[in-house]
1. Please find, among A:Phe89, A:Phe84, the residue that is crowded, with 24+ Cβ neighbours inside 10 Å, within 13 Å of chain B (Cβ to nearest Cβ) and touching a residue at least 40 places away in the same chain (Cβ under 8 Å).
2. How many of the residues in the range B:16-33 are more than 16 Å from ligand 2 (Cβ to nearest atom), free of Cβ contacts under 8 Å to residues at least 60 places away in the same chain and surrounded by fewer than 16 Cβ atoms within 10 Å (Cβ to Cβ)?
3. State which residue is surrounded by the fewest Cβ atoms within 10 Å (Cβ to Cβ) when the search covers only the range A:175-188 and only residues that are more than 11 Å from A:Gln74 (Cα to Cα) and of a type in the set (Val, Ile, Thr).
4. Residues to consider are B:Ile92, B:Ile10; find the one that is among the β-branched types (Val, Ile, Thr) and within 16 Å of ligand 1 (Cβ to nearest atom).
5. Exactly one condition in (1) aromatic (Phe, Trp, Tyr); (2) within 28 Å of the chain's Cα centre (by Cα); (3) within 13 Å of chain A (Cβ to nearest Cβ) is false for B:Phe97; which is it?
6. For a quick check of your reading of the model, give me the residue pairs whose first member lies in the range B:133-160 and is within 19 Å of B:Leu196 (Cα to Cα), whose second is at pLDDT below 95 and among the acidic types (Asp, Glu), with beta-carbon atoms closer than 6 Å and at least 6 apart or on different chains.
7. Scan the range B:101-109 and give yes if some residue there is modelled with pLDDT of 95 or more, within 16 Å of ligand 1 (Cβ to nearest atom) and closer than 16 Å to A:Ile96 by Cβ, otherwise no.
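The values are calculated or read from the model by the stated rules, or taken from the named source; none is laboratory data. Please read all numbers here as calculations on a predicted model, not as lab measurements. FYI the Cβ positions are ideal-geometry reconstructions off the backbone, even for glycines, and counts take in every protein chain you see.
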Amino acid sequence: MFANHKYIAFETIVVKEVRRFTRIWLQTLVPPAITIGLYYLIFGNLIGRRIGEMGGYDYIDFIVPGLIMMAVIQNAYSNVSSSFFSNKFQRCVEEILVSPVPNYIILLGFVAGGMARGLAVGIIVTLMSFVFTSLSIEHVWLTILVVLLTAMVFSLAGFINALFANTFDDISIIPTFVLTPLIYLGGVFYSIELLPAAGQWVSALNPVLYMVNTFRFGILGSSDVNIYWALFMLVVFSAVLFAVALILLRRGTGLRH
Amino acid sequence: MSHADSQNAISIRNLRKTYANGHVALKGIDLDVKENDFFALLGPNGAGKSTIIGIISTLVNASDGTIKIFGKDVASHVYEAKQSLGVVPQEINFSQFEKVADIVMTQAGYYGLKGSLARERTEKYLKKLDLWDKRDNRSRMLSGGMKRRLMIARALVHEPRLLILDEPTAGVDIELRRSMWEFLQEINRNGTTIILTTHYLEEAESLCRNIAIIDHGQIVENTSMRALLGKLAMQTLVFDTVNDISTAPQFNDPEVKCQWIDSHSFEVTMSTDRDINALFTALNQQNVLIKSMRNKTNRLEELFLSRLNSR
Ligand SMILES: Nc1ncnc2c1ncn2[C@@H]1O[C@H](COP(=O)(O)OP(=O)(O)O)[C@@H](O)[C@H]1O
Ligand SMILES: [Mg+2]
């Protein structure tokens with residue numbers, strides 16, 4: 001396939017993915033806005049005033065970056081897992097599989113779709129945060145880079161989830177049992193300084209911690225973790241997940257008998 | 001690559017498939033279909049037709065064997081091979097939530113067709129398949145026959161040189177079936193090689209020049225339609241007699257089978273190109289007087305089935 005043909009194929013997948021989540025915006029864009037808005041209101045505004053400071057910032061300022069990140073992660077993941085699984089379920093994934101689109105373009109297309117949803121929700125909840133506090137972004141490029149890498153990592157993870165899934169249950173099990181605990185224990189709501197040594201050590205194994213903290217550093221200018229190390233880890237995670245997804249696609253796991 | 005390969009639209013060698021559950025669906029298929037042919041792959045349910053098409057279109061992994069499409073190996077030259085292939089699957093496989101035109105447009109995009117060209121082709125094939133009026137409808141609103149036609153339009157949008165249809169007229173009413181046949185004949189005349197699977201012999205008979213019969217994962221016959229018809233062309237004649245008969249008359253020709261029905265009738269089965277006068281001569285000698293004779297309509301289909309059952 002020629003390079004320009006590949007680009008057209010990529011664009012086709014991305015446009016289709018974006019059209020999908022904007023068409024069903026009531027299911028894709030509104031729920032995270034409501035949930036995160038409630039977090040802002042209850043934890044940030046009402047309870048946060050009593051908590052006082054966290055990691056050297058007002059509690060609302062501390063959790064806003066974490067909550068934005070949470071929204072990005074959940075939405076990037078669920079966009080790809082549910083869209084790709086429903087393509088499998090309805091068998092229309094065969095439309096792509098019989099065509100000459102190379103596997104990496106299929107993967108990039110769906111991942112870009114997931115990133116688009118993650119970013120769209122990220123922007124919505126960022127704009128909403130202005131109602132509760134007025135954050136300025138300290139390191140703009142770093143912030144953007146971290147959001148993009150995080151959205152990519154979880155889009156890839158959602159893709160792999162969808163490859164293995166045989167039922168709709170299979171794409172809600174991982175978010176419930178793996179993703180949610182990782183996010184809630186990943187420093188969205190508290191600084192890991194609060195934890196005892198053992199807790200800090202366990203938290204260091206949680207990839208979400210690096211994403212949340214690097215993002216928070218980008219916005220606030222302070223972080224629990226080493227930024228370069230965190231960025232490096234994000235790149236490694238992306239590369240590993242990308243390779244795994246490609247190998248699975250090549251084998252036809254969950255797609256070809 | 002030999003020269004012969006390039007004349008073949010598809011060339012299949014030693015194709016085998018054992019599914020994960022251990023079921024052996026294909027037991028070494030060899031098949032060549034010439035460019036511009038209109039080819040039927042005929043066989044009962046479960047014979048392995050869809051498995052072959054699945055492997056050709058890379059939706060099923062082969063256990064062994066090679067497939068070349070216009071000389072390009074599907075495994076090693078996957079992009080070239082796929083570019084010249086269009087597939088209409090047996091089961092509906094488009095999104096139920098998308099609009100008709102979007103489904104075809106998206107498929108065009110997967111083949112690298114740009115916006116204006118994709119739109120042009122989409123319009124062309126939706127019109128040819130009588131779906132242009134439905135272009136803005138969600139696909140789940142279409143009737144069964146329309147869904148089938150939508151899959152044909154989708155398979156043609158990149159104008160493949162080889163079109164494979166897996167039981168395209170299953171569940172399509174007779175009138176629509178005829179118009180689909182005419183359409184397929186037209187694109188075949190314009191240079192598209194067509195392979196279709198079917199278990200309606202009538203369909204293969206009226207459309208196809210060459211035919212392979214598959215049963216239990218093996219090709220049991222691979223010949224021209226005409227030769228097959230000749231081979232299978234048997235007729236059954238029912239005779240009513242004037243006098244009582246207690247047994248079937250005897251013919252000392254092993255190719256002529258005779259069966260007693262009742263005291264005033266019997267039937268004879270033989271090839272259509274046999275001389276009936278010889279029958280009358282033999283009947284006269286046995287003093288069997290014939291009152292009337294009629295041809296029991298001889299469905300080729302029945303013979304086809306008996307042929308498969310006898311294996
Ligand atoms: N995914 C599968 N797993 C196991 N067996 C299968 C699978 N798909 C088809 N088969 C079996 O393989 C045989 C051939 O099926 P198929 O190619 O669909 O036949 P046809 O299209 O000629 O009706 C059948 O016995 C069928 O039950
Ligand atoms: Mg079939």
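1. Details: A:Phe89 fails: crowded, with 24+ Cβ neighbours inside 10 Å.
One residue alone meets the criteria, A:Phe84.
2. Matching residues across the range B:16-33 total 4.
3. Per the criteria, the residue is A:Val178.
4. On the way: B:Ile10 fails: within 16 Å of ligand 1 (Cβ to nearest atom).
Residue meeting the stated conditions: B:Ile92.
5. Looking at each condition in turn, B:Phe97 falls short on (2).
6. Matching pairs, first to second residue: none at all.
7. no
Quick grid of which residues meet (1) in contact with a helix residue (DSSP H, G or I) (Cβ under 8 Å, 6 or more places away or on another chain); (2) closer than 22 Å to A:Ile34 by Cα; (3) modelled with pLDDT of 95 or more:
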| residue | (1), (2), (3) |
| --- | --- |
| A:Ser129 | yes, yes, no |
| A:Phe159 | yes, no, yes |
| A:Ser191 | yes, no, no |
| A:Leu194 | no, no, no |
